[in-house]
1. How high is the FRET efficiency from Q80 to D19, r the C-beta distance, R0 22 Å, rounded to 0.05?
2. M50 to D6: extension gain in nm, 0.36 nm per residue of separation minus the Cα-Cα distance?
3. For helix 66-79, report the angle its Cα long axis makes with the longest principal axis of the Cα atoms of the chain; keep it between 0 and 90° and round to the nearest 10°.
4. Within 10 Å of each residue's Cβ, count the other Cβ atoms and sort S42, S24 from fewest upward.
5. Hey, could you grab the Kirkwood Rh for the chain? Inverse mean 1/r over distinct alpha carbon pairs, Å, one decimal.
6. Can you check what the net charge comes to around L77, using other residues whose Cβ is under 12 Å from the Cβ of L77 (Lys, Arg +1; Asp, Glu -1)?
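All of the numbers you see were taken from the coordinates with simple rules; none came from a lab. Since the model is a prediction, treat every value here as computed from it, not as a measurement. Methodologically, a virtual Cβ is constructed for each residue, glycine included, from the backbone with ideal geometry; neighbour enumeration extends over all protein chains shown.
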Amino acid sequence: MADKEDLRQQMIDAFGGADYPISSPMDLVPALPNGPSTTFESGNFSMTAMELNTKLSGGDFPYDSAEAFVDDIVNELEKQDLI
């Protein structure tokens, strides 16, 4: 089972370096340590940033902070029973 807080912190760390506000997922790519291949892992959950982008509905852009963006990602992953 995935630790939601661990995943949340990994994502905040990875997406935190973007220039906010962001208006699309492409605004995040330069901030990612390994680009779209940046991987988020906890328990049995493992997904790259690119895979996350394909699983999510598109978000509620623009986002003013990494925390707000990550909260939406985690909520959506929960709704899809991915975590």
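1. Step by step, r from the Cβ atoms, then E = 0.15.
2. Answer, rounded to one decimal: 13.9 nm.
3. Roughly 40 degrees between the two axes.
4. On the way: S42 17, S24 12.
Going from least to most buried by this count: S24, S42.
5. 12.5
6. Details: positive: K4, R8, K55, K79; negative: E51, D71, D72, E76, E78, D81.
Residues close to L77 contribute a combined charge of -2.
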